[in-house]
1. How many residues are farther than 16 Å from Pro123 by Cβ and without any contact (Cβ under 8 Å) to a residue 24 or more places away in the chain when one looks only at segment 161-173?
2. Which ranges mark the helices (runs of 4 or more DSSP H) fully within segment 66-163 that have 1 or more residues being under 24 Å from Tyr269 (Cβ atoms) and either in contact with a Leu (Cβ under 6 Å, 6 or more places away or on another chain) or open to solvent by less than 20 Å² (accessible area, probe 1.4 Å) (or both)?
3. With respect to Arg281, determine if the residue is outside any helix (DSSP H, G or I), under 17 Å from Arg181 (Cβ atoms) and open to solvent by 60 Å² or more (accessible area, probe 1.4 Å).
4. Out of all the residues in segment 1-36, which are of a type in the set (Gly, Ala, Ser) and either under 19 Å from Glu238 (Cα atoms) or at pLDDT below 95 (or both)?
5. Tell me, which residue of segment 164-173 that is more than 21 Å from Arg113 (Cα to Cα) and not aromatic (Phe, Trp, Tyr) is surrounded by the most Cβ atoms within 10 Å (Cβ to Cβ)?
6. Mind checking which residues of segment 159-190 are farther than 21 Å from Lys7 by Cα and of a type in the set (Lys, Arg)?
7. Within segment 288-299, track down each residue that is touching a residue at least 60 places away in the same chain (Cβ under 8 Å) and over 17 Å from His231 (Cα atoms).
Amino acid sequence: MKTIVLKVDVDTYRGTREGVPRLLRLFQSRGVNATFLFSLGPDHTGRALKRVFRPGFMKKVSRTSVLEHYGLKTLLYGTLLPGPDIGRSLADVLRMTEAAGFETGIHCWDHIRWQDGVAGADPEWTRRQFHLAVDRFREIFGHAAPTHGAAGWQMNAAAYLEEEKLGLAYASDVRGSSPFRPVVNEKALACVQLPTTLPTLDELLGIGDIVPENVHHHLIAASSAEREFGHVYTLHAELEGMRLLPAMERMLDAWQAMGYRIMSLGELYSSLDPERLPCHRIDSGEVPGRSGLLGIQGAAA
């Protein structure tokens with residue numbers, strides 16, 4: 001399909017307050033759709049500093065100008081400054097997003113806690129974190145969340161099973177090449193995975209001669225080949241919604257000129273026959289430009 005799915009990860013208080021409204025205006029001006037996945041609890045971005053000992057983390061930080069994109073105040077939340085409650089403080093922005101016609105879903109409760117903790121967490125911890133977000137989403141929107149996209153593409157077996165128990169039809173928790181039904185504990189689940197297929201801007205910036213002024217060329221080139229199920233692109237309200245907004249504008253204009261239809265996760269899912277999708281295991285693996293291990297679409301099962 002000649003499609004691009006836009007999946008917007010909203011990680012922080014500032015990204016919600018400033019980046020989301022800018023993206024809404026941009027998407028509306030171009031007549032495109034997208035899915036916004038919200039962090040619904042406290043912003044503890046400053047606690048990410050403990051990743052300093054993770055292989056590749058400091059290299060990524062130096063490449064992507066974290067301070068420039070996130071701002072000093074955000075980088076102190078959860079350490080020297082208390083972390084603001086995103087869902088409680090900015091519920092009006094979340095509801096405005098849905099009222100504007102865009103799909104909304106769950107990214108997480110506490111982004112840093114989930115991203116750094118879920119891989120080694122037990123089922124009880126996982127369910128607790130998941131349901132904090134599920135309950136807050138319902139409190140804000142008055143209905144259940146239709147989808148989930150894991151913070152940092154970090155999951156565990158209990159998290160996939162929780163999506164199944166909640167009756168989610170689809171989620172976007174991993175990196176991969178095409179939609180599939182995940183196999184967890186030797187069982188094929190009904191909740192379809194719609195993996196991110198394209199690199200993100202922060203994975204590209206600082207590699208070779210790639211800078212904010214030309215990074216869009218590399219994303220456009222990566223998406224130039226059509227795929228059977230289209231492409232899924234993950235952007236961030238803190239990046240494409242703020243200092244990298246011009247790059248996002250250029251990508252949208254190029255994709256539309258190339259004849260791509262730009263849609264939400266829900267629209268992609270509606271075009272599929274889940275029963276005919278292949279079943280795949282989920283592995284842990286590295287993605288160029290990103291530190292640590294992520295959930296990766298594995299071999300067919």
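The values are calculated or read from the model by the stated rules, or taken from the named source; none is laboratory data. Since we're looking at a predicted model, the values are computed, not measured. Using ideal geometry, Cβ is built from the backbone for each residue, glycine included, and neighbour counts are taken over all protein chains shown. Note: areas computed on protein heavy atoms with side chains; ligands, DNA, RNA excluded. Shrake-Rupley method; radii C 1.70, N 1.55, O 1.52, S 1.80 Å.
1. The total comes to 2.
2. Once the helices (runs of 4 or more DSSP H) in segment 66-163 are filtered for at least 1 residues that are under 24 Å from Tyr269 (Cβ atoms) and either in contact with a Leu (Cβ under 6 Å, 6 or more places away or on another chain) or open to solvent by less than 20 Å² (accessible area, probe 1.4 Å) (or both), what remains is 91-99, 111-117, 123-141.
3. On the way: outside any helix (DSSP H, G or I): yes; under 17 Å from Arg181 (Cβ atoms): yes; open to solvent by 60 Å² or more (accessible area, probe 1.4 Å): yes.
Yes; evaluated as a whole, the condition is true for this residue.
4. Hits for segment 1-36 are Gly15, Gly19, Ala34.
5. The initial filter retains those residues of segment 164-173 that are more than 21 Å from Arg113 (Cα to Cα), namely 164-170.
If we keep only those that are not aromatic (Phe, Trp, Tyr) too, we end up with 164-169.
Working: Glu164: 16, Lys165: 11, Leu166: 16, Gly167: 9, Leu168: 21, Ala169: 15.
Ranking the candidates gives Leu168 first.
6. Correct list: Lys165, Lys187.
7. Within segment 288-299, the subset touching a residue at least 60 places away in the same chain (Cβ under 8 Å) is 288-297.
Hits for segment 288-299 are Pro288, Gly289, Arg290, Ser291, Gly292, Leu293, Leu294, Gly295.
Residues checked against (1) under 24 Å from Val93 (Cβ atoms); (2) modelled with pLDDT of 95 or more:
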position	(1), (2)
Gly142	yes, yes
Val184	no, yes
Ala188	no, yes
Pro195	no, yes
Leu205	no, no
